[in-house]
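*Asks:* The structure follows.
Readers should treat all values here as calculations from the given coordinates under stated rules, not as data from a laboratory. None of the values given here were measured: they were computed from a predicted structure. When we count neighbours, we look across all protein chains shown, and the Cβ atoms used for this are built from the backbone with ideal geometry, even at glycine.
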Amino acid sequence: MERTFYNEAQLRAFAAEFGRTLKAGDVVGLSGALGSGKTAFVKGLAEGREATSPSFTFWHRYDGTPPIDHLDLYRIEDDRELTELGLDEAFDGTSIVLIEWCERAGNILPRPNYAIVIEGKGDEPRSVRVQTQ
């Protein structure tokens, strides 16, 4: 599925709708250039929860039913660094896992059930492609 959004509100509304289809154990990988809207997508998906970018901490957990584990791998330079972060707990099947910059995980993390690719940045429209893995 591919859709185009002309503002952040539309992107977040779509993400919220998509998020309602997810269940504990689902893993969603998000890809796109810096500033493309990956964190905005997460904020929409986490509707009602205080979602922020975990670029410097790598991992945030948002309470709820089910909880959401939000990983940001932007600062990862070598996928072997992931083994030192203790992320096993995020993949225990009790939460929805959202991974920004998922392409930096190599084969260290479980393969996402869904791949979200966002293109565009700044004031440009966003093209969002959702693929089932």
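*Asks:* Cα centroids of the range 1-17 and the range 33-101: how far apart, whole angstrom?
*Replies:* 19
*Asks:* Going through the range 38-132, which chymotrypsin sites (Phe, Trp or Tyr not before Pro) have at most 13 other Cβ atoms within 10 Å and a DSSP loop state?
*Replies:* Of the chymotrypsin sites (Phe, Trp or Tyr not before Pro), the ones in loops of the range 38-132 whose Cβ has at most 13 other Cβ atoms within 10 Å are Phe56.
*Asks:* While we're here: Where in the chain lies the longest segment free of trypsin sites (Lys or Arg not before Pro) that are both loop residues by DSSP (not H, G, I, E, B) and have at most 13 other Cβ atoms within 10 Å? Each step should come with its number before you reach the end.
*Replies:* Details: sites that count: Arg20, Lys23, Arg75, Lys121.
In the chain, the maximal stretch lacking such sites is 24-74.
*Asks:* Could you tell me the relative contact order of the range 2-132? Use alpha-carbon pairs under 8 Å, at least six residues apart, and round to a whole percent. Present the calculation step by step, with values, prior to reporting the outcome.
*Replies:* On the way: 262 pairs, mean separation 48.4, N = 131.
It comes to 37 percent, rounded to a whole number.
*Asks:* Another question, if that's okay. Using a/c under 1.5 as the rounded threshold, could you call the range 18-76 rounded, prolate or oblate? The axes a ≥ b ≥ c are square roots of the C-alpha gyration tensor eigenvalues, and prolate needs a/b larger than b/c, oblate otherwise.
*Replies:* Values: a/c = 1.66, a/b = 1.45, b/c = 1.15.
Note, shape of the range 18-76 comes out prolate.
*Asks:* Using 0.36 nm per residue, how much length does the chain from Asn107 to Leu34 gain when fully extended, once their Cα-Cα distance is taken away? Let's see the in-between values first.
*Replies:* Numbers: separation 73, 0.36 × 73 = 26.28 nm, distance 2.23 nm.
Difference between extended and current length: 24.0 nm.
*Asks:* When a footprinting reagent is the concern and you count Cβ atoms within 10 Å, what order do Ile99, Ile68 take, fewest first?
*Replies:* Details: Ile99 27, Ile68 23.
Ordered from fewest to most neighbouring Cβ atoms within 10 Å, Ile99, Ile68 come out as Ile68, Ile99.
*Asks:* Another question, then. Based on the Cβ-Cβ distance of Glu81 and Tyr6, what FRET efficiency does E = 1/(1 + (r/R0)^6) give at R0 = 30 Å, to the nearest 0.05?
*Replies:* Values: r = 37 Å, r/R0 = 1.23.
With R0 = 30 Å, the Cβ-Cβ based efficiency is 0.20.
*Asks:* Of the listed values [x] 26, 21, 13; [y] 28, 19, 15; [z] 22, 17, 13, identify the label whose number matches semi-axes √(5λ) of the Cα gyration tensor in Å calculated from this model.
*Replies:* Among [x] 26, 21, 13; [y] 28, 19, 15; [z] 22, 17, 13, the one derived from this structure is [z].
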